[in-house]
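Below: the structure, in structure tokens.
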Amino acid sequence: MKKITIVFITLLFLACGASKTVRDSRKTIKGDWTLTSIKSSAIGDIKITLLNDAEKACFENSWWQFIPNNNTGIYTLSGMGCSADQRYFVFTIDEVYDEATGLYNFLLKPTNQKGKSETNSGFRLQLTSLTDTNMQWQQTVSLDGKPITITMNFTKIENYDNI
């Protein structure tokens with residue numbers, strides 16, 4: 001009976017753990033990134049505010065750090081007239097079982113420095129591409145009742161301490 005219980009508990013932990021793909025994604029995302037470009041599928045010049053924080057121009061060339069062992073991170077905006085204060089967030093990567101698209105769900109929730117969210121709400125994005133050097137997020141939002149896609153492209157910053 002004791003062996004059956006141990007086997008059951010072991011299987012329960014294995015079933016609840018993240019998939020190998022998600023674990024690999026967490027390893028890849030670890031480190032420092034620059035948000036190099038933000039594009040919209042909308043035609044014309046539209047004002048885009050990201051993460052209920054700042055305009056698109058402040059996010060371009062912003063610095064991001066992902067710490068996957070506790071699913072936290074920090075970002076700092078860039079640009080003239082943009083607040084350079086550090087912003088904190090928690091994130092999760094969830095596998096989407098659609099092999100045709102290969103997309104992941106990515107949830108980013110702004111927090112304070114201690115990891116507490118004032119609103120307990122976040123932003124659902126799609127992690128559409130992740131390599132050792134590049135990452136792409138997409139978010140579908142509504143503009144005048146029509147869906148548009150915002151695409152955010154990141155480039156990993158080399159860590160020269162390990163060379």
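None of the figures in this text is laboratory data; all of them are computed from the coordinates on show. Note that this is a predicted model, so its numbers are computed, not measured. Note that we place each Cβ from the backbone using ideal geometry, even for glycine, and neighbour counts take in every protein chain shown.
Just add up the charged neighbours of residue 76: K/R +1, D/E -1, any other residue whose Cβ is under 12 Å from the Cβ of residue 76.
That sum, taken over residues with Cβ under 12 Å, equals -2.
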Response to the item:
Length gained, residue 70-residue 34, 0.36 nm per residue minus C-alpha separation, equals 10.9 nm
Worksheet item: Using only the Cα atoms, what convex hull volume per residue in Å³ does the range 41-100 have?
Response: 133 Å³
